Amino acid sequence: MIFCKNLNIIFFKTKKVGGTSFEIALSKYCDESDIVTPISPEDELTRRNLEYKGPINHLDDTRSRHLVGFGVTGDFYNHMTAAEIYQNIGHE
């Protein structure tokens, strides 16, 4: 799951649709103010080798100060449902 404020995108994926490849590509545009959830260790190695943003701000206890005031709460993880994301991010 990726929440990229720069691009005004929330990306979440279902299983077996090639979403991990898209998630790796999208993480190229993320920065310290976004949410990027972890993927498999092998895919994280690919993302790191491409020098794209890895997991960041996905746990409440490590939340970046850049997210304060955006109404973002809770933990974020790979394969979250739309309802779970909405509950933690809201409609704004």
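The table below gives the values:
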item	result
Rounded to the nearest 10 Å², the accessible area of S21 at probe 1.4 Å	90
Length gained when the stretch E42-Y86 is fully extended (0.36 nm per residue, less Cα-Cα span)	12.9 nm
T46 accessible area, 1.4 Å probe, all protein chains in place, Å² to nearest 10	60
Cα gyration tensor shape of the range 1-52, rounded if a/c is under 1.5, else prolate or oblate by comparing a/b with b/c	oblate
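The values are calculated or read from the model by the stated rules, or taken from the named source; none is laboratory data. Owing to the predicted nature of the structure, the values given are computational and were not obtained by experimental measurement. Surface areas here come from the heavy atoms of the whole protein model, side chains and all, with no ligands, DNA or RNA. Shrake-Rupley method; radii C 1.70, N 1.55, O 1.52, S 1.80 Å.
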